[in-house]
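The values are calculated or read from the model by the stated rules, or taken from the named source; none is laboratory data. The shown structure was predicted, so the numbers you read here are calculated from the model rather than taken from an experiment. Here the Cβ is made from the backbone with ideal geometry for all residues, glycine too, and neighbour counts use every protein chain on show. Quick note on the areas: whole protein, heavy atoms, side chains included, nothing else; ligands and nucleic acids left out. Shrake-Rupley method; radii C 1.70, N 1.55, O 1.52, S 1.80 Å.
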Amino acid sequence: MVDLESEVPPLPPRYRFRDLLLGDQGWQNDDRVQVEFYMNENTFKERLKLFFIKNQRSSLRIRLFNFSLKLLSCLLYIIRVLLEKPSQGNEWSHIFWVNRSLPLWGLQVSVALISLFETILLGYLSYKGNIWEQILRIPFILEIINAVPFIISIFWPTLRNLFVPVFLNCWLAKHALENMINDLHRAIQRTQSAMFNQVLILISTLLCLIFTCICGIQHLERIGKKLNLFDSLYFCIVTFSTVGFGDVTPETWSSKLFVVAMICVALVVLPIQFEQLAYLWMERQKSGGNYSRHRAQTEKHVVLCVSSLKIDLLMDFLNEFYAHPRLQDYYVVILCPTEMDVQVRRVLQIPMWSQRVIYLQGSALKDQDLLRAKMDNAEACFILSSRCEVDRTSSDHQTILRAWAVKDFAPNCPLYVQILKPENKFHIKFADHVVCEEEFKYAMLALNCICPATSTLITLLVHTSRGQEGQQSPEQWQKTYGRCSGNEVYHIVLEESTFFAEYEGKSFTYASFHAHKKFGVCLVGVRREDNKNILLNPGPRYIMNASDICFYINITKEENSAFKNQDQQRKNNVSRSFYHGPSRLPVHSIIASMGTVAIDLQDTSCRAASGPTLALPSEGGKELRRPSIAPVLEVADTSSIQTCDLLSDQSEDETTPDEETSSNLEYAKGYPPYSPYIGSSPTFCHLLQEKVPFCCLRLDKSCQHNYYEDAKAYGFKNKLIIVAAETAGNGLYNFIVPLRAYYRPKKELNPIVLLLDNPLDDLLRCGVTFAANMVVVDKESTMSAEEDYMADAKTIVNVQTLFRLFSSLSIITELTHPANMRFMQFRAKDCYSLALSKLEKKERERGSNLAFMFRLPFAAGRVFSISMLDTLLYQSFVKDYMISITRLLLGLDTIPGSGFLCSMKITEDDLWIRTYARLYQKLCSSTGDVPIGIYRTESQKLTTSESQISISVEEWEDTKDVKDPGHHRSIHRNSTSSDQSDHPLLRRKSMQWARRLSRKGPKHSGKTAEKITQQRLNLYRRSERQELAELVKDRMKHLGLSTVGYDEMNDHQSTLSYILINPSPDTRLELNDVVYLIRPDPLSYLPNNEPSRKNSICNATVQDSREETQL
């Protein structure tokens, strides 16, 4: 075998390089043949077919020319009828012969020749072997009838006046129009044209029927009444409309027969057309049709992509989206793969929404559906996940694919994406705004344990409201709570602001305090012009610049506020009486018409620290004064800032050296060594110095390192936080980190217990009887139910059981549907709950977006639904900073120099501050904290439920020597009507009575029967609380757990709690108020040259400073 490689020697390298540079030009003696490849056969017939049929543009031109010819022939027929003189007599020859002028005959012959030639040519090009298929087609037969007589008349002049039914060309024009529209849609790549085609066919069919009837009646009545075209038109319209006046009727039998034939044709053809049109209309209603291109180019619209559209989700989106005045002219296009729900259809038929909301049935993964929604012209695209699915990971995968599809189709369209699992977040990092449900959910649940009702605070901040909720209520707390709920976060450039322009060059805390003092607004954060990061309360060292963007909390934004200056005398009176009355400062006198707030400008002149307006008057004639409040400095003093170093751990200062050494051995501050998912923000927090073995993480089982089997045996110093969840997912990382943040004192770190199942035995083992909080996370397996609102049934009943067993336990619950919050801590015969239910209905009728806000569990922060945070994503379309601010408040993001959310409690030693404005000044001047709201708890008079019956009077008399009568009255007022410690005594007595009854004979049957009746009555009158207490104690004894502490669990149902966001400066402080603070970043106070934080702590032991900072 010959070696082929040896026969062909390789080229020298220079030739290879030359060939690479010159390509084919380098080959001079190369004999090559150019071969052309044709897509179609290179024959005359194929070229004609390509021009007349296959090519879209040329075919469209040919069909347009053909359509024009048919219309021209019909027009020539009408001209011939109008020019013809009425015939004399009623001979049948008038039917077959007409008067046609020579020029008119010449035009008709020309049109006939061209039409016949075109018809024959197209028949030849479309011939496929069956000649009869071409000949017997109705368009071909009509063409022969209308064209051949004119061509024959060329060779036979006597036939020039022969009647030819040229008006039948209208049907050929209709056929040409249909073909032309099809070619037009092919040329412009328009696929959604079935409805347009059907309407066009129906209209053209109706016109052809009327035109044929008009011309036929007119011609046949040449031997009858000699009707003209107008009379024939009148007769046809009256006949086809079934009116039938009878003033114009056909006279000859031929015209009558023709009318009968046309009516039969109409009865057959038109119903078929109407049926097809109705079918297409119904299908279009299901799919939604298209969003018009013209509207997309002239009007603004956003697209909402969901996998299944529920009425609650739709109303939340529409109410929040259209709550902003500048969005009133926007259209909302809903793209959903499922058919429209009945409730959704009913809502979208309301005139308020029908003109602005368009529903399209389609998938975001199809370019055709995205084109229907005009996604490339949309102002934004909202992609929401289906949280009601059992497999939330699968729901996230669908959301990711939708986001990818939209980004691929319309790369310039801003994306607002909602994701469920945090581990899937990095797939959509390209989106403009992302809200991860589990991140926000667990962070809010964690902060609820250390800052009560954080979930309610965040929910109220991200909902749009004018603060009009509850203003018609007779109760003061509902009015105040509803008015303060209207506060939202707004932004403005400092140099353009009336609120903050005068504070340019001043410190942040100075600007925040004086803006609140003068205007009632709360400045919470800033952002430099050249920086994208928002800083919450950067502290007194931050100097305000003219180009800074200020973020503040207020009832309305500054652009909608009107400012009015008081006269000088009134201003002086107000400034002199400042801080002395409960309601002297009219900062929050709101004029709520058209969303405008009128703010009275107050005197902001600086006062001395020892001025009479800041110190309490002397008591009992003594000259001693209580501690005064220092003024807020325009520029921070370095020494004062160091004395207020918040990085110092107060637990280290207040503990003994032994405890300090032991605590230092246990904890170290740093970043978590492992990240549970991609995209988690690193947080500086408390860490154990040594990793705990995995076997020691199981609380209810002993291991080789410890022998504890319940939480009580561990001897925790702080109360527990129990998390009841279905699985230990990655989202729990966001629950643990805020509770272990570096700025929390070590002595306040609560042990965290994860409870994956919550039977009573496991609850007791994990220390539920001495837990500070129990967090119940909504289980994924119960989120899907046949009836939507039943998804929370299991969670609600389980929490109700816990509420009855452990009435003093602080239970924080997450629900799927906000409407189910009314079932939390449900009491069927509680009059106050019924009154709140009526108030909620009234607020909903008034159009409130926060009708559920007056429910006691929500107001107290005991329950929340993550669906309430959907408005956060919707608000970010107008306020692109809301997600960033919320993440900073919740501790999900940490930015150097940005503060964090915390709280402080007002004690008896702090009541000398008296008002919220004085507290604001105290915090800004001492620690640099900025307060943003108050969590207030008040006593409530609740009626006793009929199902909870107190102990009988006889038993009360037996035990009154060990009870306080005042205590009895308070307990009887509460839902737990008697002390639980009495119940074992009753139980022992009943057992003794039973044994005594078994020993007694029948001779004392009368007395025995009376005693039995009395004991049964006493047992029946036991309170439900006592029965539950006995059940719990029995289980604890069975498990070998101590019952000490359980009897001290008192019922706290006689109190109500609510939030006041940015209250007015004259708001009185009350005992046990919890103040929400945004505290500056402690790390920003550390000088670079200090070796450790301990030195700064030692330098900050001035007694006066501690007296002012520790409220």
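Computed packing ranks the peptides 224-236, 726-738, 146-158 as 726-738, 224-236, 146-158, most packed first, by mean other Cβ atoms within 10 Å. If R0 is taken as 56 Å, the Cβ-Cβ distance between Phe245 and Lys45 corresponds to a FRET efficiency of 0.45. When the P(r) is computed for region 750-843, the part past 17 Å accounts for 56% of the Cα-Cα pairs. In terms of packing, defined here as the mean over residues of other Cβ atoms within 10 angstrom, the peptides 119-129, 678-688 line up highest first as 678-688, 119-129.
Placing a label point 7 Å from the Cα of Lys842 along the Cα-to-Cβ direction, the residues of region 453-479 whose backbone N falls under 17 Å from that point are 467-479. Rolling a 1.4 Å probe across all protein chains gives Glu275 an accessible area of roughly 130 Å².
How big is the antiparallel share of DSSP beta bridges in region 658-764, given as a percent to the nearest 5?
Working: 5 of 9 bridges.
Here the antiparallel bridges make up roughly 55 percent for region 658-764.
Hey, which of these cross-link pairs are over 19 Å Cα-Cα: Lys517/Lys922; Lys425/Lys779; Lys85/Lys225? Going by Cα-Cα distance, Lys425/Lys779 fall outside the 19 Å limit.
A cut-off of 5 Å between modelled amide H atoms, ignoring neighbours fewer than 5 places along the same chain, links Leu523 with His516, Ile553. Full extension of the segment from Tyr832 to Trp353, taken as 0.36 nm per residue of separation minus the current Cα-Cα distance, would add 168.8 nm. Note on Lys256 and Phe770: their simple-model spin labels are 11.1 nm apart, each label 7 Å out from Cα toward Cβ. If R0 equals 51 Å, the separation of the Cβ atoms of Lys54 and Gln343 corresponds to a calculated FRET efficiency of about 0.55.
In square angstrom, what is the accessible area per residue of region 48-193 with a 1.4 angstrom probe? Please report the intermediate quantities before stating the final value.
On the way: 8410 Å² over 146 residues.
In whole numbers, region 48-193 has 58 Å² accessible per residue.
By how many nm would the segment from Ser68 to Cys703 lengthen if fully extended, with 0.36 nm per residue of separation less the alpha-carbon distance?
Numbers: separation 635, 0.36 × 635 = 228.60 nm, distance 9.50 nm.
My answer for the length gained is 219.1 nm.
How fast does region 450-507 diffuse by Stokes-Einstein, in µm²/s, taking the Kirkwood radius from C-alpha pairs at 37 °C and 0.692 mPa s? Before the final figure, lay out the partial values.
On the way: Rh = 13.8 Å.
Reported coefficient: 238 µm²/s.
The gain in end-to-end length when the Thr907 to Ala668 segment is fully stretched comes to 82.9 nm, 0.36 nm per residue minus the alpha carbon separation. As a calculated quantity, the FRET efficiency between Glu1030 and Cys695 at R0 = 35 Å, using C-beta atoms, amounts to about 0.45. For region 438-500, the list of trypsin sites (Lys or Arg not before Pro) that fall in a loop by DSSP and count at most 12 other C-beta atoms within 10 angstrom is empty.
Ordering Lys669, Lys517, Lys747 by accessible area with a probe of 1.4 Å, largest first, what comes out?
Working: Lys669 50, Lys517 15, Lys747 90 Å².
Descending order: Lys747, Lys669, Lys517.
Here region 855-897 yields Rg over Rh of 1.07, to two decimals, using C-alpha coordinates and the Kirkwood radius.
Which parts of region 205-245 would a label at Ala278 reach, counting a residue when its backbone N lies under 19 Å from a point 7 Å out along Cα-to-Cβ? Residues passing the 19 Å test: 205-206, 241-242.
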